[in-house]
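The values are calculated or read from the model by the stated rules, or taken from the named source; none is laboratory data. The model shown is predicted, which means the values in this text are computed figures rather than measured ones. Reconstructed Cβ throughout: ideal geometry from the backbone, glycine too, with neighbour counts over all protein chains shown.
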Amino acid sequence: MPDEHWRMGKTCRHKGKFSMLVQMVLVMSGSFFMAEKMKAIAKLKPAPGAQLIEAEIPTIGPREILVKVRATSICGTDLHIYNWDPWAAGRIKTPMIFGHEFTGDVVEAGEDVKEVAVGEIVSAETHVICDTCYSCRIGEGHHCQNCQILGVDFQGCFADYVAIPAKNAWPNSPELPDEIACIQEPLGNAVFAVTEGSELVGKNVLILGVGPVGEMAVAVAKVCGAARVIVSEPNAGRREKAKAMGADFLIDPLNESVAERAMEILGGPLVDVVIDMSGNEKAIRDGFLALRNGGRFTMFGLPSNEVTLDLADSIIFKGAKVVGISGRKIWQTWYTVRELLDSGRLDVSPVVTHTFALEQFAEAFELMRSGSCGKVILKP
């Protein structure tokens, strides 16, 4: 990561396109007020929980922008960090302001920024790619070997302000509600997971785990022409939400065999496509049992620990096509998300169930832990 990225302990003193005149106009109009400090949710030590802190406003470099956050949403990855599970303990370096899904106003731009301008409303592609590794140079930036992630590898957006590379900014229409604008990144996860590997027209799809991204995946699968969408989810409330998002059949994996129930639903054959959004070891095993020979198994859910799997029976002899999903295709998936939303064919607003002030983060994370919610929004 270039050293121009924000490090805590510095303040904004950049003199670029965001001229003194523009600053004066914005401050006088009340549009943006550049305070000396900002609120932020930070992981200060390697332990469960987080703290609300007062931090310096980020410094930006010549190719970066400073965004005043309008709304930010809690991701499953953030919950891993908050809980401090083995994955988080092995990845996160404290102190770290976390969070990566957001929308906000560009209030400052470096002198070399050409992608966006002060005053635009943006979200962000949260994977910062190097543009120089083999994957990037062959047009597969989503597989970047040196990828760094906002709120994971450098300071994130659970704050009043966030600094990002301008190349990662995604301009939003002013008409797009903040609650939808800030969940485009996870919606992109759902779109990528559902569409990568094979088309879904006329296919039978099993989705394992319907947290917020899984719920969005249900809606995306239906829009993409899936014949039947079957959901396996132990949480009754989430099963009902998946039904509202378009799921055709619901399975409680704690009380019935997923494979047997899928065969019963389909009248004999197993499913064509399995999409794991859970990261749960039992769910993954259930999914491979329910997958037909030659079917596609897409893995998006992030396991908290190592997963043991019988590769011979689950993959090799089955001839399964296994696809791992990390992030989105840059920028192909973002354009797909925009068109699906603009067309009106895809409505993900029911996924957003709760909104909290940034200061209420502990209550918001406890709600996330309970599973009794969809997408949870924090507003600074």
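Results, tabulated for the structure shown:
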| quantity | calculated |
| --- | --- |
| Members of region 332-354 that are surrounded by fewer than 16 Cβ atoms within 10 Å (Cβ to Cβ) and either in a loop (DSSP other than H, G, I, E, B) or among the acidic types (Asp, Glu) (or both) | 339, 342, 344, 345, 347 |
| Selection from region 165-214 of residues that are hydroxyl-bearing (Ser, Thr, Tyr) and in the same structural domain as residue 113 (by TED's automatic domain parsing) | 173 |
| Complete set of residues in region 117-149 that are hydrophobic (A, V, I, L, M, F, W, C) and under 13 Å from residue 103 (Cβ atoms) | 121, 122, 124 |
| Count - residues of region 248-282 that are surrounded by fewer than 24 Cβ atoms within 10 Å (Cβ to Cβ), among the hydrophobic types (A, V, I, L, M, F, W, C) and under 25 Å from the mean Cα position of the chain (by Cα) | 1 |
| Any hit, region 16-25, residues being modelled with pLDDT under 55 and within 24 Å of residue 148 (Cβ to Cβ) | yes |
| Residue match in region 108-127 (condition: assigned by TED's automatic domain parsing to the domain that holds residue 36, part of a helix (DSSP H, G or I) and under 16 Å from the mean Cα position of the chain (by Cα)) | no |
| Selection count, region 135-154, where residues are out of contact with any His (no Cβ under 8 Å at 6 or more places or on another chain) and assigned to a loop (DSSP other than H, G, I, E, B) | 6 |
| Criterion: surrounded by 12 or more Cβ atoms within 10 Å (Cβ to Cβ), assigned by TED's automatic domain parsing to the domain that holds residue 106 and at pLDDT below 95 - qualifying residue of 78, 85 | 85 |
| Matching residues, region 214-230, being surrounded by fewer than 24 Cβ atoms within 10 Å (Cβ to Cβ) and either under 26 Å from residue 74 (Cα atoms) or hydrophobic (A, V, I, L, M, F, W, C) (or both) | 222, 223, 224, 227 |
| Meets criteria (at pLDDT below 95, farther than 27 Å from residue 87 by Cα and not in a strand (DSSP E or B)) for residue 246 | no |
| Filter result for residue 72 (surrounded by fewer than 22 Cβ atoms within 10 Å (Cβ to Cβ), among the hydroxyl-bearing types (Ser, Thr, Tyr) and not in a helix (DSSP H, G or I)) | no |
| Qualifying position, being touching a Gly at 6+ places or on another chain (Cβ under 6 Å), touching a residue at least 60 places away in the same chain (Cβ under 8 Å), surrounded by 24 or more Cβ atoms within 10 Å (Cβ to Cβ) and over 23 Å from residue 379 (Cβ atoms), among 64, 111 | 64 |
| Candidates 328, 292 - the one that is surrounded by 15 or more Cβ atoms within 10 Å (Cβ to Cβ), charged (D, E, K, R) and either modelled with pLDDT under 95 or in a loop (DSSP other than H, G, I, E, B) (or both) | 328 |
| Residue identified as farther than 30 Å from residue 233 by Cβ, of a type outside the set (Gly, Ala, Ser) and buried (at least 24 other Cβ atoms within 10 Å of the Cβ) among 138, 207, 164, 183 | 164 |
| Hits in region 114-135 - residues which are crowded, with 19+ Cβ neighbours inside 10 Å and of a type in the set (Asp, Glu) | 125 |
| Given (1) part of a strand (DSSP E or B); (2) closer than 26 Å to residue 66 by Cβ; (3) touching a residue at least 60 places away in the same chain (Cβ under 8 Å), index of the condition residue 206 fails | (2) |
